[in-house]
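Heads up: the structure comes next, in structure tokens.
The values are calculated or read from the model by the stated rules, or taken from the named source; none is laboratory data. Computed from a predicted structure; not experimentally measured. Using ideal geometry, Cβ is built from the backbone for each residue, glycine included, and neighbour counts are taken over all protein chains shown. Accessible surface is based on the protein model in full, side chains and every heavy atom, while ligands, DNA and RNA are left aside. Shrake-Rupley method; radii C 1.70, N 1.55, O 1.52, S 1.80 Å.
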Amino acid sequence: QVQLVESVGGLVQPGGSLMVSCAASGNIFSISIMGWYRQAPGKEREPVATIRSGGNTNYADSVKGRFTISRDNVKNTVYLQMNSLKPEDTAVYYCHSRNWDGIDYWGKGTLVTVSS
């Protein structure tokens, strides 16, 4: 089992920045991929960014060049630095992990609101 706990999101003005983090605990050595998904009101959950155990990253086209995912293996924490935020980035952001057996785990989500 893996437990994922996200940091508190917040309200940010358009063009602003915010970092959210996700602390993993439990059977962390089973984790192969960690990442972030988001779900906006009335929309399906979508992938935002992922980072593999080897450090390879992937981003959704909508956030490339604006968001950066990073991973601290000592602290077992994944970060999502979000810059140049847009109102369409407003969503509940979920931390996700997948272990080597293909089992997925999810955090409870943290709300990020981009509004003036």
**Message:** Contact list please: Cβ distance under 8 Å, first residue in segment 76-94 and assigned to a helix (DSSP H, G or I), second residue open to solvent by less than 40 Å² (accessible area, probe 1.4 Å), pairs at least six apart or on different chains.
**Reply:** Pro87/Val114; Glu88/Ala40; Glu88/Val114; Asp89/Arg38; Asp89/Val63; Asp89/Met82; Asp89/Val112; Asp89/Val114
**Fill in**
For Asn76, the lone unmet condition from (1) under 14 Å from Val2 (Cα atoms); (2) open to solvent by 60 Å² or more (accessible area, probe 1.4 Å); (3) of a type outside the set (Ser, Thr, Tyr) is (2)
**Fill in**
Conditions (1) touching a strand residue (DSSP E or B) at 6+ places or on another chain (Cβ under 6 Å); (2) under 24 Å from Asp101 (Cα atoms) -> Val74 fails only (1)
**Subset of segment 9-41 [of a type in the set (A, V, I, L, M) and within 27 Å of Gly54 (Cα to Cα)]** = Leu18, Met19, Val20, Ala23, Ala24, Ile28, Ile31, Ile33, Met34
**Message:** Return the residues of segment 1-23 that are modelled with pLDDT under 95 and within 18 Å of Ile103 (Cα to Cα); say none if nothing qualifies.
**Reply:** Gln1, Val2
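Name the residues in segment 23-57 that are β-branched (Val, Ile, Thr) and farther than 14 Å from Asn73 by Cβ, would you?
Our first condition is that a residue be β-branched (Val, Ile, Thr); within segment 23-57, this holds for 28, 31, 33, 48, 50-51, 57.
Selection gives Val48, Thr50, Thr57.
Based on what the data block shows, is Gly107 open to solvent by less than 40 Å² (accessible area, probe 1.4 Å) and at pLDDT 95 or above?
Details: open to solvent by less than 40 Å² (accessible area, probe 1.4 Å): yes; at pLDDT 95 or above: yes.
Against the criterion (open to solvent by less than 40 Å² (accessible area, probe 1.4 Å) and at pLDDT 95 or above), Gly107 qualifies.
Which residue is farthest from Leu4 (Cα to Cα), if the candidates are limited to segment 95-116 and must be in a loop (DSSP other than H, G, I, E, B) and over 13 Å from the mean Cα position of the chain (by Cα)?
Residues of segment 95-116 that are in a loop (DSSP other than H, G, I, E, B), as a first pass: 100-103, 107-109, 115-116.
So of that shortlist, the ones also over 13 Å from the mean Cα position of the chain (by Cα) come out as 100-103, 115-116.
On the way: Trp100: 17, Asp101: 17, Gly102: 16, Ile103: 14, Ser115: 27, Ser116: 30 Å.
Checked segment 95-116; the qualifying residue farthest from Leu4 (Cα to Cα) is Ser116.
Check whether at least one residue in segment 88-99 is closer than 19 Å to Ala40 by Cβ and loosely packed, with under 15 Cβ neighbours inside 10 Å, and report yes or no.
Just the residues of segment 88-99 that are closer than 19 Å to Ala40 by Cβ, to begin with: 88-96.
Subset that is loosely packed, with under 15 Cβ neighbours inside 10 Å: 88.
Yes: one or more hits.
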